[in-house]
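Beneath this line is the structure, given in structure tokens, with notes to follow.
The values are calculated or read from the model by the stated rules, or taken from the named source; none is laboratory data. Note that this is a predicted model, so its numbers are computed, not measured. Positions of Cβ are backbone-derived with ideal geometry, glycine not excepted, and every protein chain shown enters the neighbour counts. What goes into the accessible areas is simple: the full protein's heavy atoms, side chains included, and nothing from ligands, DNA or RNA. Shrake-Rupley method; radii C 1.70, N 1.55, O 1.52, S 1.80 Å.
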2 protein chains.
Amino acid sequence: MSEAAMENRGRRRRGRGDGEPTGPAPARAQPRLPFKPVAAISEDALEAIHEASLTVLEEIGMDFLHEGARALLRDAGADVDPASQRVRLPRALVESRIGLAPRSFTLHARNPERTLQIGGNAVAFCSVGSAPNAADRDGGRRPGNRVDYQNLIRLGHTLDAVHLWGGYPVEPADVHASVRHLDALWDMLTLSDKAIHAYSLGRERNLDAIEMIRIARGIDHETLEREPSVFTIINSSSPLRLDGPMLEGIIQMAKRNQVVVLTPFTLAGAMAPVTLAGALAQQNAEALAGLVVAQTVRPGSPFVYGGFTSNVDMKTGAPAFGTPEYMKAALIGGQLARRYGLPYRSSNANAANTLDAQAAYESVFSLWGAIMGGANLLMHGAGWMEGGLHASFEKMVLDADLLDMVANFLRPVQVDAEELALSAMREVGPGGHFFGCAHTQSRYRTAFFAPMISDWRNYESWEEAGAPTAYDTANRLYKQRLAAHEPPPMDPAIRDELEAFVARRKAEGGAPTDY
Amino acid sequence: MSEAAMENRGRRRRGRGDGEPTGPAPARAQPRLPFKPVAAISEDALEAIHEASLTVLEEIGMDFLHEGARALLRDAGADVDPASQRVRLPRALVESRIGLAPRSFTLHARNPERTLQIGGNAVAFCSVGSAPNAADRDGGRRPGNRVDYQNLIRLGHTLDAVHLWGGYPVEPADVHASVRHLDALWDMLTLSDKAIHAYSLGRERNLDAIEMIRIARGIDHETLEREPSVFTIINSSSPLRLDGPMLEGIIQMAKRNQVVVLTPFTLAGAMAPVTLAGALAQQNAEALAGLVVAQTVRPGSPFVYGGFTSNVDMKTGAPAFGTPEYMKAALIGGQLARRYGLPYRSSNANAANTLDAQAAYESVFSLWGAIMGGANLLMHGAGWMEGGLHASFEKMVLDADLLDMVANFLRPVQVDAEELALSAMREVGPGGHFFGCAHTQSRYRTAFFAPMISDWRNYESWEEAGAPTAYDTANRLYKQRLAAHEPPPMDPAIRDELEAFVARRKAEGGAPTDY
């Protein structure tokens, strides 16, 4: 079956939210892929991966560490082993849940201008998420804390290339776990007005996040259920396991029509087969398992297919990112997502310890795979370092530049009489130069993308200026931007309501810490 | 007309060398693009650029600073202004020369195992070429000289990712210009056995280079004419000019069936219109002008379409590389080359002054545009820095790593029962790990690409090791590799003949320096 035919099949079977977003169009233009995503493997090979993953789900099965999820799946026709947590999903069950989730949907931010389309040919860039450490060159690498958390939010808020938050940029680990989500979401919703993510770490945290974005948007529960306003990343515990908090997250979010992004953590050679096809078959099995749960809870709820397959360094077992294997997996992940008519999540990843050439080339290789693979939601877009172990202030600024370059690359080239510039070529003629001609003069200020970081001075001027590296420039720029941050406006009544909610939930003791 | 239809048209009209190379197959596998190149603009827009460039050639014309070339074009039906050097090329003349050059050809090296296919879906990576300065971290940046020249040749020879020489890696400027080409080609042909480039700086230099590769290959003149063995880069003096040495180079090389790579130097906003469509229309006009000359001299001689369009920094006028504009121009350049059934040349370019994140991201963005654009010949693949103003030892090693990653990315993903690894997933099961299973153990040593530079140690180990950056690692590695260089074997009789030729030509005074 051709890709187009499969897409049509998906379309016919779609329950709701087909094609374009139903909410207001985002006011800020998101990047859109102007060409077809690149297919790394044939349709036959894609079907072989699909078939292998159905065999995995039907014959090997997966462990679902959540009684409610197992009951749900049993009722849906799955084979649930009463003596263990193993669930085998018949092909027919899996196939019946494909095509129900929307191909594209709107993710609402508290500021409508920050509302995003997720899916189709639109691309949305997240900040770094979930790093346990923060770093900048002045302060070095230190454990996550609320000050760095707030500053990374402030910094990211000033960067237009960061479209939304993909979790906490760094873990504010000095806030007690029972109330951390309340403080962290308070900061995120008041220091910024971009769309948000909520961690699936127990039912209470999901529900608190949903309630906080509802309050921040100033809408009622019905509107919230119509308008997805928060997303959660669900990682399977590869191989072939979904743990309790993650399953609870799928259930709570899907039930309220909020966004589930299912991302298996399939590192080839460690938590997945050492071969790319095998790792992708496992990734696909785990992603489809999550899809079955979400679409059983609420058919048509927004669901994103996440690909994160990479390889480990077989010498040390350390995860590697931005590798050739990562790039190929990113392309094929996109083919699989489109096979199922789902938006596709990928990442801007690297495994470097410092902001050197490695950090840059691994990041751009990751972007290459993600973007050409048709990623709709790019996690860890700005600030991710060290395989996710630290969030870097300098890298956040440098990545924002990379993301802006990618967005500019995706902007279609205009070809018309004015742009073809025959008149300018006539005016200048052989041997002349274009600096002074009218065609140049009327356009040069905005003709080309102007990066923040790239230093294009000649060698002598650059040397006289102290021979700054990109790391130096990013260090200087992040401080400037951070100093310039201003919290976006928030209706005082909404702010009061949000504050009261946080206070009440804290007084209640927050959320359990034994999730 | 669809791209496939146009390619067929080109094929029908081709005179010789259609499709696959006619010589022996290269023994070392070159990377091959496993998917269709990415089209950045529609067929209609492509035709609009084609039409605009034909209008430029017909109505504005170009200056050809070479009397013989003007006479040739006059005889071919061009409109040659007797009072100037301006030549206007009728559309019919240009169209008649399209489709004559081979779609793909073999470029022979003195070592047959280094012989390359240029065209089709094959990719060949050149070293850096033509830098006026050399640099490494220990010695800093210094004017080009023969010692650095030789050492860059030695280093590049040890790097398998460098498939051929794209000119002198650095200018050996301490050798007198009259005999520099003799010493430089002697070094290149004795310190390495990879395919070579010759500069078009006057007739004598072209002929000396052709003779030296003939001697080095140990073949007669007839074989050399059947087997292209040297290529020359022809840069137009944009806008719309071809100077005397360049035209002489096209004539001498085409006459002997050696390879002409025509690369207009169209920096948008300086030597070309500030708009991308305009700069590309001019690039195309200049490339087609060179094609007309080459295919008039010898129909069917090997010709490569070169794209180098980038933008300048409009604040300073400095050239910029690896920009979004560069990437788009690289994609569209590939579309134009395929429109004419010609192999496509692009570059691995950057404008950074030091081996920092900028050098890496600009390079990988350039590679992204070049590779996805279907480049067959990648110039400046390894070692180019500072917009071409210096060749870096460290960057050569780092780039070789990037090129190897690209080659690995292009290697097709196998999807079959063994690779899908169902048996391994059955063996490991939910919650296990794959390190120890048989499927992993039999593959892990070669499963993944192992980079030279990337440092994947954990942060603590990396810090204890002195927190090396990629620059540090490249500095260490280039010295190791340089020390390990051994000149490839050469038949003593051939070596004697080559030495005698160089001695004789030096005794004759070398080549004129007033080219």
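Suppose the filter is surrounded by fewer than 24 Cβ atoms within 10 Å (Cβ to Cβ) and either out of contact with any Leu (no Cβ under 6 Å at 6 or more places or on another chain) or more than 7 Å from chain A (Cβ to nearest Cβ) (or both); does B:Phe449 pass it? It is true that B:Phe449 is surrounded by fewer than 24 Cβ atoms within 10 Å (Cβ to Cβ) and either out of contact with any Leu (no Cβ under 6 Å at 6 or more places or on another chain) or more than 7 Å from chain A (Cβ to nearest Cβ) (or both). Inspect all residues belonging to region A:184-196 and state whether any of them is surrounded by fewer than 24 Cβ atoms within 10 Å (Cβ to Cβ), among the aliphatic types (A, V, I, L, M) and touching a His at 6+ places or on another chain (Cβ under 7 Å). Yes; the residues of region A:184-196 include at least one that is surrounded by fewer than 24 Cβ atoms within 10 Å (Cβ to Cβ), among the aliphatic types (A, V, I, L, M) and touching a His at 6+ places or on another chain (Cβ under 7 Å). Among the residues examined, A:Gly387 qualifies as in contact (Cβ under 8 Å) with a residue 60 or more places away in the chain, in the same structural domain as A:Pro319 (by TED's automatic domain parsing) and open to solvent by 10 Å² or more (accessible area, probe 1.4 Å).
Annotation note: of B:Tyr344, B:Tyr361, the sole residue that is touching a helix residue (DSSP H, G or I) at 6+ places or on another chain (Cβ under 9 Å), surrounded by 24 or more Cβ atoms within 10 Å (Cβ to Cβ) and more than 7 Å from every other protein chain (Cβ to nearest Cβ) is B:Tyr344.
Inclusion of A:Phe435 among residues that are buried (at least 20 other Cβ atoms within 10 Å of the Cβ) and within 7 Å of chain B (Cβ to nearest Cβ) is not warranted.
Looking across B:Leu262, B:Leu291, one residue alone is within 18 Å of the chain's Cα centre (by Cα), in a strand (DSSP E or B), among the aliphatic types (A, V, I, L, M) and under 24 Å from B:Leu72 (Cα atoms). It is B:Leu262.
Restricting B:Ala507, B:Ala500, B:Ala484, B:Ala493 to residues that are within 30 Å of A:Thr469 (Cβ to Cβ), modelled with pLDDT of 95 or more and among the aliphatic types (A, V, I, L, M) narrows the list to B:Ala484. The number of residues in region B:225-275 being hydroxyl-bearing (Ser, Thr, Tyr), more than 12 Å from every other protein chain (Cβ to nearest Cβ) and over 25 Å from B:Glu67 (Cβ atoms) comes to 1. Count of region A:200-235 residues, restricted to those that are assigned to a loop (DSSP other than H, G, I, E, B) and surrounded by fewer than 24 Cβ atoms within 10 Å (Cβ to Cβ), is 6.
There is no residue in region A:389-397 that is facing chain B (nearest Cβ under 8 Å) and under 18 Å from B:Ala285 (Cβ atoms). Within region A:327-350, the set of residues being assigned to a helix (DSSP H, G or I) and farther than 14 Å from A:Thr263 by Cβ comprises A:Met327, A:Lys328, A:Leu331, A:Ile332, A:Gln335, A:Arg338, A:Arg339.
Restricting A:Leu482, A:Leu477 to those that are open to solvent by less than 70 Å² (accessible area, probe 1.4 Å) and either of a type in the set (Gly, Ala, Ser) or within 14 Å of chain B (Cβ to nearest Cβ) (or both) reduces the list to A:Leu477.
Cβ-Cβ distances below 7 Å connect the following pairs, each with a first residue in region B:472-490 that is part of a loop (DSSP other than H, G, I, E, B), a second residue that is not hydrophobic (A, V, I, L, M, F, W, C), and a separation of six or more residues or different chains: B:His485/B:Arg154; B:His485/B:His157; B:His485/B:Thr158; B:Pro487/B:Thr190; B:Pro488/B:Asn111; B:Pro488/B:Ser192; B:Pro488/B:Asp193; B:Met490/B:Thr190.
Looking across region B:86-112 at every residue that is of a type in the set (Ser, Thr, Tyr) and in a strand (DSSP E or B), the one that is surrounded by the fewest Cβ atoms within 10 Å (Cβ to Cβ) is identified as B:Ser104.
For (1) modelled with pLDDT of 95 or more; (2) facing another protein chain (nearest Cβ under 7 Å), each residue gets a yes or a no:
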{"position": "B:Gln414", "(1), (2)": "yes, yes"}
{"position": "B:Ala417", "(1), (2)": "yes, no"}
{"position": "B:Gly429", "(1), (2)": "yes, yes"}
{"position": "B:Tyr444", "(1), (2)": "no, yes"}
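Scan region A:327-339 and give yes if some residue there is without any contact (Cβ under 8 Å) to a residue 40 or more places away in the chain and facing chain B (nearest Cβ under 8 Å), otherwise no. No; the residues of region A:327-339 include none that is without any contact (Cβ under 8 Å) to a residue 40 or more places away in the chain and facing chain B (nearest Cβ under 8 Å). Within region A:117-168, if we keep just the residues that are assigned to a loop (DSSP other than H, G, I, E, B) and in contact with a His (Cβ under 7 Å, 6 or more places away or on another chain), the residue that is nearest to A:Lys194 (Cα to Cα) turns out to be A:Trp165. Would you check which residues across region A:236-259 are part of a loop (DSSP other than H, G, I, E, B) and either open to solvent by 20 Å² or more (accessible area, probe 1.4 Å) or without any contact (Cβ under 8 Å) to a residue 24 or more places away in the chain (or both) and list them? Once the filter is applied, which keeps residues that are part of a loop (DSSP other than H, G, I, E, B) and either open to solvent by 20 Å² or more (accessible area, probe 1.4 Å) or without any contact (Cβ under 8 Å) to a residue 24 or more places away in the chain (or both), region A:236-259 yields A:Ser237, A:Asp243, A:Arg256. Within region A:458-471, the set of residues being in a loop (DSSP other than H, G, I, E, B) and more than 7 Å from chain B (Cβ to nearest Cβ) comprises A:Ala465, A:Gly466, A:Pro468.
Highlighted here are the helices (runs of 4 or more DSSP H) found entirely within region A:351-455 that include at least 1 residues which are under 30 Å from B:Ser392 (Cβ atoms): A:357-372, A:393-410. When residues in region A:360-383 are screened for being free of Cβ contacts under 8 Å to residues at least 40 places away in the same chain and within 14 Å of the chain's Cα centre (by Cα), 1 of them pass. Does region B:313-320 include one or more residues that are in a loop (DSSP other than H, G, I, E, B), under 18 Å from the mean Cα position of the chain (by Cα) and in contact (Cβ under 8 Å) with a residue 24 or more places away in the chain? Looking for residues that are in a loop (DSSP other than H, G, I, E, B), under 18 Å from the mean Cα position of the chain (by Cα) and in contact (Cβ under 8 Å) with a residue 24 or more places away in the chain, one finds none in region B:313-320, hence no. Screening region A:276-308 for residues that are open to solvent by 10 Å² or more (accessible area, probe 1.4 Å) and in contact with an Asp or Glu (Cβ under 9 Å, 6 or more places away or on another chain) and picking the one that is nearest to the other protein chains (Cβ to nearest Cβ) gives A:Leu276.
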